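Input: a single structure, listed below in structure tokens.
The values are calculated or read from the model by the stated rules, or taken from the named source; none is laboratory data. As the structure is a computational prediction, the values presented were derived from the model and not from experiment. Cβ coordinates were reconstructed from backbone atoms using ideal geometry, including for glycine residues, and neighbour counts include every protein chain displayed. Keep in mind that these areas ignore ligands, DNA and RNA; they rest on the heavy atoms of the full protein, side chains included. Shrake-Rupley method; radii C 1.70, N 1.55, O 1.52, S 1.80 Å.
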Amino acid sequence: MTEVADDLFFVRGMSSNWVIIGGSDTATLIDTGYPGDAELLDASVEAAGFKTCDVSSILVTHAHADHIGSAERYRREFGTRILALDTEVGHLKREFLEQVSPKTALPHLIKPRFARWMHMAVRKGHGLDDVTVAQAAAVPAEQPLPFPGAPIAIPTPGHTRGHAAYWFAEARILVSGDALITGHETSKRTGPQMLHTVFHHDEPGALRSLARFAGLDARLVLPGHGDVWSGDLTVAVNRMSEGVAA
Ligand SMILES: [Zn+2]
């Protein structure tokens, strides 16, 4: 866990990451890791100086099991509000599912990296558990939200149809979710990159969404997978759009 700015914590889970936004007496999460990250998630909230029942809201980048693994648990136990872009709310409620399945991953499992990822995702991550969120609400896009640091939800459809990144304009920090990552079990390298094609609902859309990050004067990128990154985001995004390693 790293405090990347005042009261803004970046936490690396077993595969995916989450962010804790500290407030005066409540905390807000961006994503929650896998179901199997539950203990680590709760411990990170406490290490940031809060009780788990102080988490009043969870902003969701997208409704995959490795990002909403504890959302429903918090909602039920602590009354936490679960928030996402309106286009992702139905995904949270599992009115539809745009997530890699063992079947679609199957042809890739001859690759050791994919086999190891699958083992982690299913066995340790409990990635096949039911993570349906019973109640969720929509946040408006492209305007400062009423949380410390005033994050702005940036629609970045492709990975899922309602994927959001969150931009902290004053701190110049981009929480990029899975629209841009910096490492993954299935990838050989680190640094800004796209997830493997099998993980995207709409890969051409995901590539188009990258352009939305060009021009953001980001000091730090906090990705959905991989380590925190600092560098010239516009250059990185342009290279990724051309299919060149950033
Ligand atoms: Zn993910």
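Failed condition for Leu92, given (1) out of contact with any Leu (no Cβ under 8 Å at 6 or more places or on another chain); (2) of a type outside the set (S, T, N, Q); (3) more than 15 Å from His225 (Cα to Cα); (4) away from the ligand (no atom under 16 Å from the Cβ), with all others met?
Status for Leu92: all satisfied but (4).
Being part of a loop (DSSP other than H, G, I, E, B), touching a helix residue (DSSP H, G or I) at 6+ places or on another chain (Cβ under 9 Å) and either among the β-branched types (Val, Ile, Thr) or within 16 Å of the ligand (Cβ to nearest atom) (or both) is the filter here, so list the residues in the range 64-81 that pass it. Write out each step before concluding.
First, the residues of the range 64-81 that are part of a loop (DSSP other than H, G, I, E, B): 64-70, 79-80.
Among the residues that remain, those that are also touching a helix residue (DSSP H, G or I) at 6+ places or on another chain (Cβ under 9 Å) are: 64-66, 68-70, 79-80.
Passing the criteria: His64, Ala65, Asp66, Ile68, Gly69, Ser70, Thr80.
Let's see how each residue does on (1) under 27 Å from Ser56 (Cβ atoms); (2) surrounded by fewer than 17 Cβ atoms within 10 Å (Cβ to Cβ); (3) within 16 Å of the ligand (Cβ to nearest atom); (4) touching a residue at least 24 places away in the same chain (Cβ under 8 Å):
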site: Ala141; (1), (2), (3), (4): yes, yes, no, yes
site: Ser187; (1), (2), (3), (4): no, no, yes, yes
site: Leu195; (1), (2), (3), (4): no, no, yes, yes
site: Val198; (1), (2), (3), (4): no, yes, yes, yes
site: Glu203; (1), (2), (3), (4): no, yes, yes, yes
site: Ala206; (1), (2), (3), (4): no, no, yes, yes
site: Pro223; (1), (2), (3), (4): yes, no, yes, yes
site: Asn238; (1), (2), (3), (4): no, yes, no, yes
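Kindly indicate the residue of the range 208-221 that is surrounded by fewer than 21 Cβ atoms within 10 Å (Cβ to Cβ) and assigned to a loop (DSSP other than H, G, I, E, B) and also modelled with the lowest pLDDT among those meeting that condition.
Checking each candidate, the answer is Gly215.
Could you tell me which of the residues Val175, Val237 is in contact with a helix residue (DSSP H, G or I) (Cβ under 8 Å, 6 or more places away or on another chain) and outside any loop (DSSP other than H, G, I, E, B)?
After ruling out the rest, the residue left standing is Val237.
If I filter the range 6-27 for residues that are away from the ligand (no atom under 16 Å from the Cβ), open to solvent by less than 10 Å² (accessible area, probe 1.4 Å) and not in a strand (DSSP E or B), do I get at least one hit?
no
Could you look through the range 150-185, keep only residues that are free of Cβ contacts under 8 Å to residues at least 60 places away in the same chain and away from the ligand (no atom under 14 Å from the Cβ), and pick out the one that is surrounded by the most Cβ atoms within 10 Å (Cβ to Cβ)?
The selected residue is Leu174.
The rows are residues; the columns are (1) surrounded by fewer than 24 Cβ atoms within 10 Å (Cβ to Cβ); (2) under 18 Å from the mean Cα position of the chain (by Cα); (3) part of a loop (DSSP other than H, G, I, E, B).
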site: Phe50; (1), (2), (3): yes, no, yes
site: His62; (1), (2), (3): no, yes, yes
site: Leu83; (1), (2), (3): yes, yes, no
site: Thr87; (1), (2), (3): yes, yes, no
site: Glu95; (1), (2), (3): yes, no, yes
site: Glu98; (1), (2), (3): yes, yes, yes
site: Arg113; (1), (2), (3): yes, no, no
site: Leu128; (1), (2), (3): yes, yes, yes
site: Val131; (1), (2), (3): no, yes, yes
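For the range 179-205, enumerate the residues that are under 17 Å from Ala105 (Cα atoms), part of a loop (DSSP other than H, G, I, E, B) and of a type in the set (Val, Ile, Thr).
Thr186
Scanning the range 219-246 for residues that are more than 17 Å from the chain's Cα centre (by Cα) and aliphatic (A, V, I, L, M), which turns out nearest to Trp18 (Cα to Cα)?
Applying the filter and picking the extreme gives Leu233.
Scan the range 28-47 residue by residue and report those that are of a type in the set (Ser, Thr, Tyr), within 15 Å of the ligand (Cβ to nearest atom) and either in contact with an Asp or Glu (Cβ under 6 Å, 6 or more places away or on another chain) or assigned to a helix (DSSP H, G or I) (or both).
Of everything in the range 28-47, just one residue is of a type in the set (Ser, Thr, Tyr), within 15 Å of the ligand (Cβ to nearest atom) and either in contact with an Asp or Glu (Cβ under 6 Å, 6 or more places away or on another chain) or assigned to a helix (DSSP H, G or I) (or both), namely Tyr34.
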